[in-house]
1. Kindly indicate which of Glu80, Glu106 is out of contact with any Lys or Arg (no Cβ under 7 Å at 6 or more places or on another chain), of a type in the set (D, E, K, R), exposed (fewer than 15 other Cβ atoms within 10 Å of the Cβ) and at positive phi.
2. Can you name the number of the only condition in (1) free of Cβ contacts under 8 Å to residues at least 24 places away in the same chain; (2) under 17 Å from Phe140 (Cα atoms) that Val36 fails?
3. Can you pull out the residues in the range 39-51 that are free of Cβ contacts under 8 Å to residues at least 60 places away in the same chain and in contact with a strand residue (DSSP E or B) (Cβ under 8 Å, 6 or more places away or on another chain)?
4. Got a sec? Which of Asp21, Asp28, Asp2 is among the acidic types (Asp, Glu), more than 23 Å from Gly147 (Cβ to Cβ) and touching a residue at least 40 places away in the same chain (Cβ under 8 Å)?
5. The conditions are (1) in contact with a helix residue (DSSP H, G or I) (Cβ under 8 Å, 6 or more places away or on another chain); (2) in contact (Cβ under 8 Å) with a residue 40 or more places away in the chain, and Glu137 fails exactly one of them. Which is it?
6. Can you tell me which of (1) more than 16 Å from Ser58 (Cα to Cα); (2) surrounded by fewer than 17 Cβ atoms within 10 Å (Cβ to Cβ); (3) touching a helix residue (DSSP H, G or I) at 6+ places or on another chain (Cβ under 9 Å) is the one Val120 doesn't meet?
7. Yes or no: Ala100 under 30 Å from Glu37 (Cβ atoms), touching a Leu at 6+ places or on another chain (Cβ under 8 Å), surrounded by fewer than 19 Cβ atoms within 10 Å (Cβ to Cβ) and not β-branched (Val, Ile, Thr)?
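Rule-based calculations on the coordinates, nothing more; no lab input. This structure is a prediction, so every number in the text was calculated from the model and none was measured. In this analysis, Cβ positions are derived from the backbone assuming ideal geometry, glycine residues included, and neighbour counts consider all displayed protein chains.
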Amino acid sequence: MDEFAPPSNDERAGALAALTDWLSGLEDNPVVAAVVEDTEAIDRWFVRVNGEAKDVYSVWFELGQRTLAYETYVMPAPEENHAAFYEQLLVRNDSFRELAFTIGSEHAVFLKGRVDLRHVEEEALDRILGSVYAAVELCFQPALRVGFASRFPAENES
């Protein structure tokens with residue numbers, strides 16, 4: 001097998017089956033509020049997640065020809081302290097394995113990643129969802145406090 005060749009139709013079908021099986025099993029996961037198939041796109045779903053640092057967010061999964069892409073919206077562009085804000089996110093990117101902070105439309109912040117279709121299996125999907133959850137929980141509040149600092153009262157005020 002050529003590791004650089006695109007996945008075969010059978011491999012894509014296997015990835016689709018693994019993904020849909022995994023999505024249907026998420027109803028027992030305590031942090032998952034909902035799993036919804038996007039009716040306007042082919043092979044695209046979102047998983048609604050109940051977080052702590054960020055109350056609720058959606059992780060989108062889209063099965064392409066070669067990869068499974070996943071992403072979540074983290075927050076809008078910072079209002080202030082732009083350099084420190086982006087530096088913090090870039091430094092955190094270094095510790096991530098299969099995802100990264102990115103800048104999307106209107107300079108909003110997203111977490112995104114991709115995995116080869118040949119690696120789409122329950123363990124990998126659990127790891128992906130767990131990694132997105134951990135990254136949002138770890139990074140959301142600190143980034144918010146830097147990029148929107150004037151909205152938070154000073155720490156030493158009573």
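1. Unique residue meeting the criteria: Glu106.
2. Failing condition for Val36: (2).
3. Matches in the range 39-51: Ala41, Asp43, Arg44, Trp45, Phe46, Arg48, Asn50.
4. Asp21
5. The number of the failed condition is (1).
6. Every listed condition holds for Val120 apart from (2).
7. Yes; evaluated as a whole, the condition is true for this residue.
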